[in-house]
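K.L.:
Next up is a structure, given as structure tokens.
Laboratory data are not the source of any read-out in this text; all were calculated from the coordinates shown. All figures in this text were calculated on a predicted structure; none of them were measured in a lab. Here the Cβ positions follow ideal geometry from the backbone for every residue, glycine too, while neighbour counts run over all protein chains shown.
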Amino acid sequence: MTPTAPASAPADTSVLSLRSISKTFGAVAALTDVDLDVAPGQVVAVVGDNGAGKSTLVKVLAGVHAPTSGTITFEQRTVTIDDPATAHDLGIATVFQDLALCENLNVIENLFLGREINALRLDDVAMEVRSWELLRQLSAKIPTVRIPVASLSGGQRQTVAIARSLIGDPRVIILDEPTAALGVAQTAEVLNLVERLRERGLGVIMISHNMEDVRAVADKVAVLRLGRNNGVFDVQDVSSEEIIAAITGATDNAVSQRASRRQGATTTHEGAPS
Amino acid sequence: MTTTDQPAEQTAVATDLQDERLRRSSGLRGTVDAQVRRIKDGDLGVLPVVAGLVVIWGVLQALNPIFLSSANLVNLTLECASVGIIALGVVFMLLVGQIDLSVGSVSGLSSAIVAILFVDKGLPVVVAIVAAVLAGAVVGFAYSLMFNRFGVPSFVITLAGLLGFLGLQLYLLGAQGSINLPFDSGLVKFAQLWFVPPWLSYVLVVLAAGGLLVTGLAHSRKRAAAGLSHRGLTDLGVRSAVLLLLLGFVVFYLNQTRGVGWMFVLFVGLVLVMHYLLSRTKWGRSVYAVGGNVEAARRAGINVRLVYTSCFMLCTSFAALGGVLAAARLAAANQSSGGGDVNLNAIAAAVIGGTSLFGGRGTAFAALLGVLVIQSISSGLTLLSLDSSFRFMVTGAVLMLAVALDSAARRTRASSGRA
């Protein structure tokens, strides 16, 4: 909010801003100078090829890994996220790709894991009531909350994981590949869920491989390539091809266009059967 | 609250029963049906160990009619306490998916400490006991440092502990090799002579059954108020009545001779306290979570290291307390205290009682039930004047059976979706 802020200061509207985030694992730079902004009620898709640093970015935000350098600004305050509990206390909830559910615990126990109501005398009635409220809000199709998560299907587990992230009223939700393991109908339901999160005014960061999903729900697309920013696009103004070009590094300039034309010409001359 | 047997049907269907895919059943019959279904699905709970106990008692009674006599059972309960308390600690290690192989050595060390401080140094008995249990806690803390800081597997840490603390015990006992505790001390009397007065034992039984009924009713009412399904009055009443009759009969039978020993009451009390901590507190949930999926627990913001530390320390503290009681029961601490089969019996008791070796499954009652099985075998075979060779073989077979059952039930659970 200060007018003297440096040039790369986060926009006033964003709830979460990353500036020059770097993360190295030994000699490997997983993230280099990555910037990212999320505003309330905005869905930002983070896309990138394998090894682009998407999961590392998620883990930095979730407090699993500390960034090597860079600043994280949350609601106009510079914060450090040392551990998952800090991230959650700030209001950053993460749904991991592997969902991170305890299969031996039931749905209620998983939803409230680490945030149980009344630590010394668990209020299981209140927790069960709240569980049903949450699951109904998300139109979840879970027959009973008293069965272990091991017996739920993939889509049901995804719903439980998303419902869990909503406990404690977060401001930002990070979804890591939420539709990767799901069927057609379940994917649609998760996308509906994402839209419901946006309507509630939450900032959503969605990691995805699936261009259709990204175009369906995201407002902005941030592309990572080899651990660096490779463009931020508004979904309305960009085609899937352009996003894919940014992901693969085949940026749309004269040189690459010419190169691809020439290559296309060569292959035709050689008469390779298609 | 007169027709509480049909809770859901009167008004709207309870919040948790609205899905049409749910098999609905209510009242006493519903409870029984649900139990039968659980067992069929491989969620065996305490059934195998109770069934096993009945079989073992039947066989031993057939072989020697003294076995189920009141006098022998009183003796059995007293023998249970020390190993049972050690097994209670082992349950916590197994719940977080780790193991402590050194409980025998730690209990032996603690026997030696209490005897040296109390007899040789002449300190008050309470001070000696507290010091011994604290020493146990320190051992657990040291283990947890090795485990959390250096990531050494618990199996190896405690194997080293097994050797190291056995050595320390022998060193402390030194040339004497054995220290006798005076028979007129409170500690020895507690373990050998002090019994609950009959009237008080019945009062405790009534309190237990009444407590179950009252808490059950309060819980049921709270669920009803929140619009959830709840147990009916008859259901709760029958449950409490069964407990009342069962405990009442046990206490009545034990009271035919010496009665219920305070040491056994201490053991059962600790089991109940630990059961509460495991099932009704945030810490207990985190223990199960760490045993089920460490990474998920960590990401849920649970301080995983703290959970491990608490379980390591509880385990060794209980091992030390068990050692104190063993010394009291024997009225001596010697070089073989905590040696021999104590270690194996304690771990076997936790497993036989239904604690899964794979982590995340089991209750505090596993220690109570498991140690009853182990000590029954031991006591029965001693009555048949068979030496320890047979005892080891039979206990080994029962342990094998228990683990096989755990693994088989695990498979059934997986196929019927019960984790």
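K.L.:
With axes computed from alpha carbons, what is the tilt in degrees of helix B:70-95 against the longest principal axis of chain B, rounded to the nearest 10 within 0 to 90?
P.N.:
80
K.L.:
Another question, if that's okay. Mind checking the alpha-carbon convex hull of chain A and giving the volume per residue in Å³? Let's see the in-between values first.
P.N.:
Working: hull volume 48.2 nm³, N = 274.
Here the figure is 176 Å³ per residue.
K.L.:
Using the alpha-carbon atoms, what tilt in degrees (0 to 90, nearest 10) does helix B:342-352 show relative to the longest principal axis of chain B?
P.N.:
Once rounded, the angle reads 10 degrees.
K.L.:
How well do other chains shield peptide B:279-291, expressed as the mean number of their Cβ atoms within 10 Å of each residue Cβ?
P.N.:
Numbers: counts 2, 6, 6, 11, 3, 2, 10, 3, 0, 5, 8, 1, 3.
Rounded to a whole number, the mean comes out at 5.
K.L.:
Okay, next question. I want to verify the translational diffusion coefficient of region A:103-169 in µm²/s; compute it with Stokes-Einstein, Rh as the Kirkwood radius over Cα pairs, at 20 °C and 1.002 mPa s. Write down the numbers at each step before the final one.
P.N.:
Working: Rh = 11.8 Å.
Calculated translational D: 181 µm²/s.
K.L.:
For a test of the definition: using alpha carbon positions, the gyration tensor, and the 1.5 limit on a/c, classify region A:141-198 as rounded, prolate or oblate.
P.N.:
Details: a/c = 1.92, a/b = 1.19, b/c = 1.61.
It is oblate, given that a/c is not under 1.5 and a/b is not larger than b/c.
K.L.:
Label residue B:383 and residue B:222 with points 7 Å out from Cα along Cα→Cβ: what is the distance between them in nm?
P.N.:
Each label point is offset 7 Å from its Cα along the Cβ direction, giving 4.3 nm.
K.L.:
Could you list the square roots of 5 times each eigenvalue of the Cα gyration tensor of region B:245-396, that is, the equivalent ellipsoid semi-axes, sorted largest first and rounded to whole Å? It would help to have the intermediate numbers written out before the result.
P.N.:
Working: eigenvalues 195, 74, 51 Å².
Calculated on Cα positions only, the semi-axes equal 31, 19, 16 Å.
K.L.:
Further, regarding this structure: What pairs from A:141/B:282; A:59/A:141; B:189/B:282; A:141/B:222; A:23/A:220 go past 31 Å between their alpha carbons?
P.N.:
Values: A:141/B:282 27 Å; A:59/A:141 29 Å; B:189/B:282 38 Å; A:141/B:222 26 Å; A:23/A:220 24 Å.
Checking Cα-Cα distances, B:189/B:282 exceed 31 Å.
K.L.:
In what order do B:154, B:110, B:310 fall by count of nearby beta-carbon atoms within 10 Å, going from fewest to most?
P.N.:
Working: B:154 24, B:110 34, B:310 19.
The fewest-first ordering by Cβ neighbours comes to B:310, B:154, B:110.
K.L.:
In degrees, nearest 10, range 0 to 90: what is the angle between the Cα axis of helix B:27-40 and the longest Cα principal axis of chain B?
P.N.:
Between the helix axis and the principal axis of chain B, the angle is about 60 degrees.
K.L.:
Any chance you could list P(r) for region A:146-243, counting all Cα-Cα pairs in 10 angstrom bins from zero, rounded to whole %?
P.N.:
That works out to 14, 44, 31, 9, 2, in percent per bin.
K.L.:
Averaged across orientations, what area in nm² does the convex hull of the alpha carbons in the protein assembly as shown project? Walk me through the intermediate numbers first.
P.N.:
Values: hull surface 163.6 nm².
Directional mean of the projected Cα hull area for the protein assembly as shown stands at 40.9 nm².
K.L.:
Where the eigenvalues come from the Cα gyration tensor of region B:244-283, what are the semi-axes √(5λ) of the equivalent ellipsoid, largest first, in whole Å? Could you put the intermediate results ahead of the total?
P.N.:
Details: eigenvalues 147, 30, 3 Å².
In descending order, the three semi-axes are 27, 12, 4 Å.
K.L.:
Then there is this: Can you run phi through the Karplus equation (6.51, -1.76, 1.60; θ = phi - 60°) for region B:176-189 and list ³J(HN,Hα) in whole Hz, with x for Gly and Pro?
P.N.:
Result, ordered by residue: 4, x, 8, 10, 8, 8, x, 5, 8, 7, x, 4, 5, 4 Hz.
K.L.:
Ordered by packing density, taken as the mean number of other Cβ atoms within 10 Å over each peptide's residues, highest first, how do A:166-176, B:173-183 rank? Walk me through the numbers before you get to the answer.
P.N.:
Details: A:166-176: 20.8, B:173-183: 13.9.
Top of the packing list down: A:166-176, B:173-183.
K.L.:
Under the rule of at least 5 residues apart or a separate chain, name every residue whose amide H is placed under 5 Å from the amide H of residue A:46.
P.N.:
A:206, A:207, A:208, A:222
K.L.:
Place +1 on the Cβ of every Lys and Arg and -1 on the Cβ of every Asp and Glu in region B:156-285, take the dipole about the Cα centre, and give the residue among B:242, B:175, B:268 whose Cα lies farthest towards its positive end.
P.N.:
B:242
K.L.:
Starting from the Cα-Cα distance between residue B:206 and residue B:126, subtract it from 0.36 nm times their residue separation and give me the gain in nm to one decimal.
P.N.:
Values: separation 80, 0.36 × 80 = 28.80 nm, distance 3.13 nm.
Contour length minus the Cα-Cα distance gives 25.7 nm.
K.L.:
A further question follows. Alpha carbons only, please: Rg and Dmax for region B:195-277, in angstrom.
P.N.:
Calculated on Cα positions, Rg and Dmax stand at 15.2, 50 Å.
K.L.:
Turning to a different aspect of this structure: Identify which of A:154, A:26, A:227 has the largest mean-square fluctuation in a Gaussian network model of chain A, with springs joining Cα atoms closer than 10 Å.
P.N.:
A:26
K.L.:
Dipole magnitude of region A:103-169 about its Cα centre, charges +1 at Lys/Arg Cβ and -1 at Asp/Glu Cβ only, in debye to the nearest 20?
P.N.:
On the way: 8 positive and 8 negative charges, 39 e Å.
My answer is approximately 180 debye.
K.L.:
Taking a point 7 angstrom from the Cα of residue B:336 along the C-beta vector, which residues in region B:371-393 have backbone N less than 11 Å away?
P.N.:
Once the point is set 7 Å along Cα→Cβ of residue B:336, B:388 turn out to lie under 11 Å by backbone N, inside region B:371-393.
K.L.:
Using r as the Cβ-Cβ distance of residue A:234 and residue A:77, and R0 as 25 Å, what FRET efficiency do you calculate, to the nearest 0.05?
P.N.:
Working: r = 27 Å, r/R0 = 1.09.
My answer for the efficiency is 0.40.
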